[in-house]
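All remarks here apply to the structure that follows.
The values are calculated or read from the model by the stated rules, or taken from the named source; none is laboratory data. Remember, it's a predicted structure, so these values are computed and weren't measured experimentally. Quick reminder, even Gly has a Cβ in these numbers, built from the backbone with ideal geometry, and neighbours come from all protein chains shown.
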Amino acid sequence: MASLTVRQLDETLKQQLRLRAARSGRSVEDEVRTILKAAAEESEAPAPVAKAAPGPAPATKVANKRVLLIIGGGIAAYKSLDLIRRLKERGFAVRCILTAAATQFITPLAAGALTGERVFTDLFDPASEFDVGHIRLARDTDLVVVAPATADLMAKMANGHANDLATAVLLATTAKVLLAPAMNPQMWANQATQRNLAQLKADGVTMTGPNAGEMAESGERGTGRMAEPMEIAGAVDRLFAAQGERPLAGQRVLVTSGPTHEPIDPVRYIANRSSGKQGHAIATAAAQAGADVTLISGPVTLPDPPGVKLIKVESARDMLRATEQALPVDVAIFAAAVADWRVANAGEQKIKKKAGESIPDLLLVENPDILSAIAHHIDQRPALVIGFAAETENVEANAKAKLARKGCDWILANDVSPQTGIMGGDSNTIKLVTADGIEAWPPQSKDDVARMLIARIAAAMKAPKA
Ligand code: CTP
């Protein structure tokens, strides 16, 4: 058979294929070939001798990682439904246990619809014991996430109780455990909870959150809100990265991020609408992939990404200086929205407004192009130089022209027209422009764009040089 054409794939499946291909650094066609090959090999493998019961669906091969999500009984349980989606987006196979209290807040049906698997609720349910059994449920997982982790669940865990399915599995598992506590601030602050927390940490349990802010009870504020689903998913990524999944280990990666501020005088400046979210997400993803990351950031209001060397700068010229000092690196990603011009006649003192006098003219001069300078560096050009193209029209044509003009290897082009909401927003739609052509990525969160880019970089850095 020379070729195969598959028609009538629905949009969701196409999107899953594109994401999967991008994550593994293959074209969609190659990805489909890989799937078909694996399926053919599997069908040729000898059939299992006997099958006791129709077990749960095998873990997806997308990431080959299984996450068991234990949902405790708290109002934050509704966020755990979103967490299932976030974990599935990353390719994890997710199974859920709902405690009896959790079923008061969300239904097993909702969790099951999102996981695509049956949901477990009861230790003494003969069907679930016959099907998998709590010991197998505890064993057949790479990570257990407890979200929300209530004060009661934490207390039971800290003391080794096992009087329901969730706690029995937690006691039986040898997998890593991640807790996302959620409770009333007084319950969180209570000595008993803090004692349990210390015990759990000493037992090797990892925590994400709780965050400070408004509580579900009206008028209540304080520390006790469950971490947001994306934060929990980020903690899951970090845990797997820490378990040895570090495709960029040993690589030095430089990322520029955020806007630059070009002074008019000591109190005024010219800036742009960049939030730095995309650049910071890339730095975070690179660090999670094991890279040694230097992040050079213009002024942003984002938290400092964990595990990166952060250099804070103000102007384009500061950013160029810091970037040159950070060389040599293996990969450089220029996500900053660098101001094209600076004020040549910036005031040393605050320019005063004088009634009746003419308004001051600002004389603009061009800033250095940092990406172009590094891409054309004579002796320290990184092996892979990646730029962004922020466009409001003719996105592909402008991006192709930028790729050639700036001398970089890849350009991630995005449409930053106000109606797209990309500038300052949480999601992005990228066209990856390389010498080989243009690849349209699906609309996704900036975190997912970052992960997809890092997977592509890891594949490119591994591939033998042409
Ligand atoms: N860039 C840079 N230094 C500059 C200007 C841009 O390093 N002085 C980098 C950006 O970080 C980005 C790429 O160049 O990776 C393209 O930036 P963009 O703002 O899209 O393009 P400009 O070069 O500014 O061109 P134009 O404003 O005409 O679109």
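Name the one entry in 318, 304 that is in the same structural domain as residue 266 (by TED's automatic domain parsing) and not in a loop (DSSP other than H, G, I, E, B). Spell out how you get there, then give the answer.
On the way: 304 fails: not in a loop (DSSP other than H, G, I, E, B).
Residue meeting the stated conditions: 318.
Could you please find all residues in the range 430-450 being under 13 Å from residue 278 (Cα atoms) and modelled with pLDDT under 90? Walk me through how you get there before you give the answer.
The initial filter retains those residues of the range 430-450 that are under 13 Å from residue 278 (Cα atoms), namely 430, 444-450.
Across the range 430-450, the qualifying residues are 444, 448.
On the given criteria, is residue 417 in contact with a Pro (Cβ under 7 Å, 6 or more places away or on another chain), over 27 Å from residue 324 (Cβ atoms) and in the same structural domain as residue 452 (by TED's automatic domain parsing)? Break it down into steps so the answer makes sense when it comes.
On the way: in contact with a Pro (Cβ under 7 Å, 6 or more places away or on another chain): no; over 27 Å from residue 324 (Cβ atoms): yes; in the same structural domain as residue 452 (by TED's automatic domain parsing): yes.
Against the criterion (in contact with a Pro (Cβ under 7 Å, 6 or more places away or on another chain), over 27 Å from residue 324 (Cβ atoms) and in the same structural domain as residue 452 (by TED's automatic domain parsing)), residue 417 does not qualify.
Quickly run through the range 181-191 and pick out the residues that are touching a residue at least 40 places away in the same chain (Cβ under 8 Å) and more than 27 Å from the chain's Cα centre (by Cα). Spell out how you get there, then give the answer.
Taking the range 181-191 and keeping what is touching a residue at least 40 places away in the same chain (Cβ under 8 Å), we get 181-184.
Across the range 181-191, the qualifying residue is only 184.
Tell me the strands (runs of 3 or more DSSP E) entirely within the range 340-447 that contain at least 2 residues that are surrounded by 14 or more Cβ atoms within 10 Å (Cβ to Cβ).
On the way: elements: 341-343, 364-366, 384-391, 410-415, 431-434, 437-440.
Ranges flagged: 341-343, 384-391, 410-415, 431-434, 437-440.
Listed residues 174, 167, 206; which is free of Cβ contacts under 8 Å to residues at least 40 places away in the same chain, more than 16 Å from the ligand (Cβ to nearest atom) and under 30 Å from residue 335 (Cβ atoms)? I'd like the intermediate steps shown before the answer.
Details: 174 fails: under 30 Å from residue 335 (Cβ atoms); 167 fails: under 30 Å from residue 335 (Cβ atoms).
Just a single option satisfies the conditions, and that option is 206.
Yes/no per residue for (1) of a type outside the set (Lys, Arg); (2) more than 16 Å from residue 427 (Cα to Cα); (3) buried (at least 21 other Cβ atoms within 10 Å of the Cβ):
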{"position": "227", "(1), (2), (3)": "yes, yes, yes"}
{"position": "260", "(1), (2), (3)": "yes, yes, yes"}
{"position": "266", "(1), (2), (3)": "yes, yes, no"}
{"position": "271", "(1), (2), (3)": "yes, yes, no"}
{"position": "274", "(1), (2), (3)": "yes, no, yes"}
{"position": "277", "(1), (2), (3)": "no, no, yes"}
{"position": "281", "(1), (2), (3)": "yes, no, yes"}
{"position": "286", "(1), (2), (3)": "yes, yes, yes"}
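Take the residues in the range 256-285 that are assigned to a helix (DSSP H, G or I) and more than 16 Å from the ligand (Cβ to nearest atom), then tell me which one is nearest to residue 348 (Cα to Cα).
In the first step, residues of the range 256-285 are kept if they are assigned to a helix (DSSP H, G or I); the result is 277-285.
Retained after the next criterion (residues that are more than 16 Å from the ligand (Cβ to nearest atom)): 284-285.
Details: 284: 37, 285: 40 Å.
Per the criteria, the residue is 284.
Okay, residues lined up against (1) of a type in the set (S, T, N, Q); (2) outside any loop (DSSP other than H, G, I, E, B); (3) modelled with pLDDT under 90:
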residue	(1), (2), (3)
109	no, yes, no
124	no, no, yes
137	no, yes, yes
141	yes, no, no
146	no, yes, no
152	no, yes, no
155	no, yes, no
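Output the number of the condition that residue 325 fails; it satisfies all remaining conditions of (1) assigned by TED's automatic domain parsing to the domain that holds residue 274; (2) loosely packed, with under 14 Cβ neighbours inside 10 Å; (3) part of a loop (DSSP other than H, G, I, E, B).
Of everything listed in (1) assigned by TED's automatic domain parsing to the domain that holds residue 274; (2) loosely packed, with under 14 Cβ neighbours inside 10 Å; (3) part of a loop (DSSP other than H, G, I, E, B), residue 325 misses just condition (3).
Name, by its number, the condition in (1) within 14 Å of the ligand (Cβ to nearest atom); (2) touching a residue at least 60 places away in the same chain (Cβ under 8 Å) that does not hold for residue 422.
(2)
Taking the conditions exactly as written (out of contact with any Pro (no Cβ under 9 Å at 6 or more places or on another chain), outside the structural domain of residue 279 (by TED's automatic domain parsing) and away from the ligand (no atom under 13 Å from the Cβ)), does residue 359 satisfy them or not? Lay out the reasoning, then the answer.
On the way: out of contact with any Pro (no Cβ under 9 Å at 6 or more places or on another chain): yes; outside the structural domain of residue 279 (by TED's automatic domain parsing): yes; away from the ligand (no atom under 13 Å from the Cβ): yes.
In short, yes.
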